[in-house]
Amino acid sequence: MSPQWFEFKGVADIPSPALLVYWDRVRENIRRMLAIAGGPDRLRPHMKTHKMREMLDLQLLVGIKKFKCATIAEAELAATAGVPDLLLAYQPVGPAIRRLAELVKAFV
């Protein structure tokens, strides 16, 4: 029986729990997003689905410039990745207000 796409050698050497990223699948999903939307300008992916700089880099590479986030930590990650257009999906409250102001001051 041939292995499934998600199977790999050395699984016993991976500590658990672990995050496994199948980059070929990720790139194909991004390609499909672009095809379905009709281009990068029609997309605003939400960072909560991945929370990873590498995912942002792949999306920026194909021309996606607009992103959405839910937390200040996600906004900080996006800013350091060079995201030019970021929508914070929730109203900041408490200490998040100060962090957002500091972030804007540092990156705008």
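Quick look at the values:
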| item | result |
| --- | --- |
| Conditions (1) assigned to a strand (DSSP E or B); (2) open to solvent by 80 Å² or more (accessible area, probe 1.4 Å): number failed by Arg25 | (1) |
| Residue count for segment 44-90, restricted to those that are of a type in the set (Phe, Trp, Tyr) and modelled with pLDDT of 95 or more | 1 |
| Counted residues, segment 68-108 - those being β-branched (Val, Ile, Thr) and exposed (fewer than 11 other Cβ atoms within 10 Å of the Cβ) | 2 |
| Every pair of residues 6+ apart whose Cβ atoms lie under 8 Å, when the first sits in segment 27-48 and is in contact (Cβ under 8 Å) with a residue 24 or more places away in the chain while the second is aromatic (Phe, Trp, Tyr) | Arg44/Phe67; His46/Phe67; Met47/Phe67 |
| Where a residue in segment 67-83 is closer than 8 Å to Leu56 by Cβ and its partner, wherever it lies, is open to solvent by 20 Å² or more (accessible area, probe 1.4 Å) and assigned to a helix (DSSP H, G or I), with Cβ under 6 Å and at least six apart | Ala81/Arg53 |
| Which listed residue, of Lys9, Lys51, is outside any helix (DSSP H, G or I), among the basic types (Lys, Arg) and exposed (fewer than 11 other Cβ atoms within 10 Å of the Cβ) | Lys9 |
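The values are calculated or read from the model by the stated rules, or taken from the named source; none is laboratory data. For clarity, every value in this text was computed on a predicted model and none was experimentally measured. Backbone-built Cβ (ideal geometry, glycine too); neighbour counts: all protein chains shown. What goes into the accessible areas is simple: the full protein's heavy atoms, side chains included, and nothing from ligands, DNA or RNA. Shrake-Rupley method; radii C 1.70, N 1.55, O 1.52, S 1.80 Å.
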